[in-house]
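Shown next, in C-alpha cells, is the structure this report addresses.
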Amino acid sequence: MLHHQKRILVTGGAGFLGSHLCDRLIEEGHDVLCLDNFFTGTKKNILHLMENPNFELIRHDLAFPVFLEVDEIYNLACPASPIHYQHNPVKTVKTNVLGSIHMLGLAKRVHAKILQASTSEVYGDPNVHPQTESYWGNVNTIGIRSCYDEGKRCAETLFFDYHRQNNVNIRVVRIFNTYGPRMHPNDGRVVSNFIVQALNDQDITVYGEGSQTRSFCYVDDLIDGMVRMMNGPDEFVGPVNLGNPTEFTILELAEKIIQLTDSKSRVVFRPLPQDDPLQRQPDISLAREKLQWEPGTALEAGLQSTIAFFKTILHEG
Ligand code: NAD
Ligand code: UDP
C-alpha cells in the first residue's frame with residue numbers, strides 16, 4: 001500500500017461527475033468506494049474500474065444511513081438535471097438533506113474530511129452578475145426547482161453547522177454547468193439535448209429566444225478543481241465557485257454544435273421553462289486565488305470530445 005493512499009468514498013460515484021472523479025482518484029492510487037443507488041447513474045460509467053482491486057462498488061440509497069470506515073468523502077449523490085430531480089421531488093429533498101446528515105454523521109464518527117458538491121442553483125435566478133460566493137441568492141422556495149435548490153442550500157447549512165458544532169473538516173464547492181463524456185443522453189440538459197438532436201439531424205430546441213446565457217465547464221477541469229479543494233488547507237472550507245466564466249448565449253451554443261457536427265438540423269424556438277435563470281456566470285476569483293485553479297479547456301475542444309462520446313453511444317443504440 002502506498003503510504004499516501006487514502007480510502008475515499010464517492011457518493012453518486014456511478015453518475016456523470018462521480019465516475020470521472022472515481023477515475024481520477026484511482027489514477028492517483030487511492031482506494032475508492034463508489035456508493036450509488038443507480039437512479040441516474042449507471043454501471044456502464046464504472047465498468048472499466050470493476051476489475052481494479054482498489055475499486056469497490058456499494059449499491060445503497062443515501063436517504064438511509066450507512067456505516068463505513070473512510071478517510072475522505074466526496075458527497076455527489078443527487079440527481080442533477082431538472083427532469084430527474086423533478087421526477088420525485090420529495091426524494092430529491094431526502095437525498096440532499098438526509099443524505100448530507102448521514103454523510104456528515106459518518107464524517108464526524110470516523111473523523112473523515114468531507115466535500116459537498118453544491119451548485120450554482122443556490123444563487124437561484126441571480127440579481128448579481130457574475131455570482132460571487134458572498135451573494136446570498138434569489139431563490140423561490142415553492143417552485144418546481146425548489147426541491148433541488150433548497151435541498152442543496154439546506155445541505156450547505158448542515159455542512160457549516162457540523163463544522164461549527166462538531167468540528168467536522170468540511171469543504172463546499174458550488175459547481176456551475178458542467179459537460180462532457182458520460183452525460184446522460186436523455187437528461188434534458190442543453191448540451192446533451194443539442195448534441196443528440198444535431199447528430200440525428202433533428203430540430204434543435206432553443207427555449208425562449210435563446211438569449212439566456214450559461215457558462216460551460218469541461219468535466220476534467222471541474223474534477224481537478226474539486227480534488228484541489230479537498231486537498232487544500234483546512235482553513236479554506238469554501239464555499240467556492242467552480243465553473244468556467246466564459247459566457248455564451250444558448251443560441252450561440254446551438255450554432256456551435258451544428259457547426260461541429262456538420263449537422264443539417266435547424267434551430268426551432270420553444271417556450272422558456274418556469275424559473276429558468278436568464279444569466280448565469282461564475283466569478284472564480286476565489287478559486288484562482290486559493291486553489292490556483294482555473295479551467296483550461298476551450299468550449300470547442302470540450303464539445304468535440306463530448307460529441308465523440310455521444311456518437312459512440314448513439315451507435316450502440
Ligand atoms: P448524475 O445524475 O449523473 O449523478 C448523480 C449520481 O447520484 C447518480 O449516479 C445517481 O444514481 C446517484 N444518486 C442519486 N440519488 C441517490 C441516492 N439517494 N442514493 C445514492 N445515490 C444516489 O449527476 P452529476 O451531473 O454527475 O452530478 C453530481 C453532483 O454534482 C450532484 O450532487 C449535482 O447536484 C452536482 N452538480 C452537478 C452539476 C453539473 O453541471 N453536472 C452542476 C452543479 C452541481
Ligand atoms: N435549453 C434549451 N433547449 C434545450 C434544453 C435547455 O434552450 O433543449 C436552455 C434552458 O432553457 C436553459 C439553458 O438551456 O436556459 C440551460 O439548461 P440546462 O437544463 O442545461 O441547465 P440549467 O437551466 O440548470 O442551467
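FYI, it's all coordinate maths here, none of it is from the lab. Here the structure is a predicted model, which is why all the values come from computation and not from measurement. Backbone-built Cβ (ideal geometry, glycine too); neighbour counts: all protein chains shown.
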Inset, instruction - Between beta-carbons, use under 12 Å as the cut-off and find the net charge around Gly296, counting Lys and Arg +1, Asp and Glu -1. - result: -4
Inset, instruction - Calculate the dipole size of the chain relative to its Cα centre from +1 charges on Lys and Arg beta carbons and -1 charges on Asp and Glu beta carbons; express the result in debye to the nearest 20. - result: 580
Legend entry - Among Gly243, Asn45, Gly99 - extreme Cα towards positive end, dipole of the chain, charges at beta-carbon: Gly99
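What translational diffusion coefficient, to the nearest whole µm²/s, does the stretch 147-304 have by Stokes-Einstein, given a Kirkwood radius computed over alpha-carbon pairs, a temperature of 37 °C and 0.692 mPa s viscosity?
Numbers: Rh = 17.2 Å.
Estimated via Stokes-Einstein, D reaches 191 µm²/s.
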Legend entry - Lys/Arg +1, Asp/Glu -1 at C-beta; the stretch 123-220 dipole; positive extreme among Tyr207, Val168, Thr178: Val168
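How would you rank 19-27, 155-163, highest first, on the average number of other Cβ atoms within 10 Å across their residues?
On the way: 19-27: 21.2, 155-163: 19.3.
The peptides rank, most packed first, as 19-27, 155-163.
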Legend entry - Rule-of-thumb Rg ratio for the stretch 140-188 [Cα; 2.2 N^0.38 Å; N residues]: 1.53
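Arrange the peptides 111-122, 6-17 so that the one whose residues have, on average, the most other Cβ atoms within 10 Å appears first. Can you show the working numbers first?
Values: 111-122: 22.8, 6-17: 25.7.
Sorting 111-122, 6-17 by mean packing, highest first, produces 6-17, 111-122.
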Legend entry - Counting DSSP beta bridges with both ends in the chain, the antiparallel % (nearest 5): 10
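Divide the volume of the convex hull of the Cα atoms of the chain by its number of residues and quote the answer in cubic angstrom per residue.
Considering the Cα atoms of the chain, their hull volume per residue is 126 Å³.
Give the peptides 246-253, 215-222 in descending order of average Cβ contacts within 10 Å, highest first.
Numbers: 246-253: 17.1, 215-222: 22.4.
The peptides rank, most packed first, as 215-222, 246-253.
Mean 1/r over all different Cα pairs, inverted: what Kirkwood radius does the stretch 1-92 give, in Å? Display every interim value, and only then the final one.
Working: mean 1/r = 0.0743 Å⁻¹.
In the stretch 1-92 this quantity evaluates to 13.5 Å.
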Inset, instruction - Report ³J(HN,Hα) in whole Hz for each residue of the stretch 9-16, in order, from the Karplus equation J = 6.51 cos²θ - 1.76 cosθ + 1.60 where θ = phi - 60°; Gly and Pro get x. - result: 9, 10, 7, x, x, 9, x, 4
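Based on the Cβ-Cβ distance from Glu209 to Asn140, what FRET efficiency comes out when R0 is 25 Å, to the nearest 0.05? Please report the intermediate quantities before stating the final value.
Values: r = 22 Å, r/R0 = 0.88.
After rounding, the FRET efficiency stands at 0.70.
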Legend entry - Positive minus negative residues near Gly232 (Lys, Arg vs Asp, Glu; Cβ under 12 Å): +1
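If the stretch 193-275 were replaced by its equivalent ellipsoid, with semi-axes equal to the square roots of 5 times the Cα gyration tensor eigenvalues, what would those be, largest first, whole Å? Don't skip to the answer; put the middle values down first.
Working: eigenvalues 222, 48, 17 Å².
So the equivalent ellipsoid measures 33, 15, 9 Å along its semi-axes.
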